[in-house]
Amino acid sequence: MSRVFSGIQPSGVPTLGNYLGAIRNWVPLQDQAEAIYCVVDLHAITVWQDPKELTRQTREMAAALIACGLDPRRCTLFVQSHVSAHAELGWIFNCIARLGWLNRMTQFKDKAGKDREAASAGLYVYPNLMAADILAYHATKVPVGDDQKQHLELANDIAQKFNHDYGVDFFPTIEPLIQGVAARVMSLRDGTKKMSKSDPSDQSRINLTDDADTIALKIRRAKTDPEPLPDHMAGLEGRPEARNLVGILAAITGTLPENVLREHGGQGFGPFKSTLTDALVAHLQPIAAEMKRLLDDPFALDAALHLGADRAREIAEPIMKRAREIVGFLPAR
């Protein structure tokens with residue numbers, strides 16, 4: 001059985017975009033592969049985090065993952081900083097990766113902005129830690145969005161260079177898993193921008209903890225255009241907001257955008273938004289309720305994460321032991 005790894009940062013309540021684009025697609029992998037998932041708090045601190053907020057958001061993200069269908073009995077779910085293999089292998093990979101490779105990473109340029117000299121060194125070497133996250137478990141499949149494919153290519157470059165430099169065939173090749181009909185959910189205020197937790201406007205996104213009234217208001221205010229919905233996909237050309245709402249309804253109801261247009265083509269956005277709201281509320285309210293239940297018992301939530309970390313360490317430690325031997329580190333005992 002193949003081993004799958006993915007991680008998500010604890011940077012606030014997940015959005016509908018996080019759910020449809022990533023988290024929901026992780027759920028079936030629990031029964032198709034050996035699935036390892038973690039809340040990547042080490043990655044989170046590449047930019048400043050308030051310590052109390054980081055603690056809260058880490059639990060919040062873990063609760064969201066479980067509420068969305070990740071079962072700690074069927075997958076390995078844990079917090080990144082609880083397993084030291086990530087940081088240790090990340091340092092080894094810092095010494096394997098080349099500066100020229102990191103200079104080509106577009107995500108650093110995007111996140112650091114114009115004042116790159118003020119960005120943290122951690123943000124710059126973030127892709128090396130991401131490679132370590134995966135390869136500490138010899139995972140070969142990673143469900144990712146298009147924005148992370150470049151980092152996976154770098155992870156493979158690092159693995160190959162490690163193998164070449166030390167004359168071994170140790171780290172495996174990683175393959176991306178691109179999943180889901182709504183892999184890119186866009187902003188409700190601008191259909192050309194990805195739905196994001198960092199957008200200053202809360203009206204741009206649906207949060208998994210939004211109640212029914214909030215969801216209804218956000219969908220009612222969602223940007224559209226004056227034309228009715230078309231009855232075929234070509235009619236969505238040049239209409240990013242319409243395409244986004246159609247894609248959301250398709251994804252949340254488990255159908256294809258073509259089927260949504262066949263059913264709703266010719267409608268104005270008023271009736272369509274009402275249908276979309278009903279579908280979102282029906283799907284997301286049980287998730288929000290389960291999140292609340294989990295967060296009301298933080299000791300039980302933490303215990304589940306600790307068990308996950310124990311399992312992760314059992315997988316990673318033999319791999320790390322061999323990696324240390326290959327590098328030439330003197331055994332600790």
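The values are calculated or read from the model by the stated rules, or taken from the named source; none is laboratory data. Here the structure is a predicted model, which means the values were calculated and not measured. Backbone-built Cβ (ideal geometry, glycine too); neighbour counts: all protein chains shown. The area values use the complete protein model at the heavy-atom level, side chains included, leaving out ligands, DNA and RNA. Shrake-Rupley method; radii C 1.70, N 1.55, O 1.52, S 1.80 Å.
Just the residues that are open to solvent by 30 Å² or more (accessible area, probe 1.4 Å) and outside any loop (DSSP other than H, G, I, E, B), please, taken from region 130-147.
Scanning region 130-147 gives LYS141, ASP146, ASP147.
Cβ contacts < 8 Å: first residue crowded, with 20+ Cβ neighbours inside 10 Å, restricted to region 1-30; second residue in a helix (DSSP H, G or I) and of a type in the set (Ser, Thr, Tyr), any location; separation 6+ or different chain. Result?
These pairs meet every condition: PRO10/THR58.
List the helices (runs of 4 or more DSSP H) inside region 17-67, counting only whole elements, that have at least 1 residues being within 22 Å of ILE215 (Cβ to Cβ).
Ranges flagged: 51-67.
Does ARG74 satisfy the condition of being open to solvent by 20 Å² or more (accessible area, probe 1.4 Å), outside any loop (DSSP other than H, G, I, E, B) and basic (Lys, Arg)?
No: the conditions fail for ARG74.
Can you tell which of GLU241, GLU227 is acidic (Asp, Glu) and buried (at least 20 other Cβ atoms within 10 Å of the Cβ)?
The conditions single out GLU241.
Would you be able to tell me the number of residues in region 212-238 that are assigned to a loop (DSSP other than H, G, I, E, B) and over 27 Å from the mean Cα position of the chain (by Cα)?
Total satisfying the criteria: 11.
Would you confirm whether or not region 284-306 contains a residue that is more than 27 Å from the chain's Cα centre (by Cα) and either modelled with pLDDT under 95 or not in a helix (DSSP H, G or I) (or both)?
No, because not a single residue in region 284-306 is more than 27 Å from the chain's Cα centre (by Cα) and either modelled with pLDDT under 95 or not in a helix (DSSP H, G or I) (or both).
Might you check whether a residue that is without any contact (Cβ under 8 Å) to a residue 60 or more places away in the chain, among the aromatic types (Phe, Trp, Tyr) and crowded, with 21+ Cβ neighbours inside 10 Å occurs anywhere in region 168-181?
yes
Please find, among ARG322, ARG311, ARG333, the residue that is assigned to a loop (DSSP other than H, G, I, E, B) and of a type in the set (Lys, Arg).
Only one candidate qualifies: ARG333.
This table checks each residue for (1) in contact (Cβ under 8 Å) with a residue 60 or more places away in the chain; (2) within 17 Å of the chain's Cα centre (by Cα); (3) within 16 Å of GLY100 (Cα to Cα).
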residue	(1), (2), (3)
ALA118	no, no, no
LEU129	yes, yes, no
HIS138	yes, no, no
ILE158	yes, no, yes
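Tally time: how many residues in region 279-314 are among the basic types (Lys, Arg) and under 18 Å from GLY7 (Cα atoms)?
Number of matching residues: 2.
Taking ARG189 as the residue in question, decide whether it is of a type outside the set (Gly, Ala, Ser), free of Cβ contacts under 8 Å to residues at least 40 places away in the same chain, closer than 24 Å to GLN267 by Cα and in contact with a Ser or Thr (Cβ under 8 Å, 6 or more places away or on another chain).
yes
Is there a residue being modelled with pLDDT of 95 or more and acidic (Asp, Glu) anywhere in region 217-239?
No: zero hits.
For residues in region 194-211 being outside any loop (DSSP other than H, G, I, E, B) and under 20 Å from GLU60 (Cα atoms), which is most open to solvent (accessible area, probe 1.4 Å)?
ASP202
GLY69 is checked against (1) open to solvent by 30 Å² or more (accessible area, probe 1.4 Å); (2) at positive phi and fails just one. What number does that condition carry?
(1)
Out of (1) farther than 21 Å from ALA64 by Cα; (2) surrounded by 15 or more Cβ atoms within 10 Å (Cβ to Cβ); (3) more than 20 Å from the chain's Cα centre (by Cα); (4) modelled with pLDDT under 95, what's the single condition that is false for LEU276?
(4)
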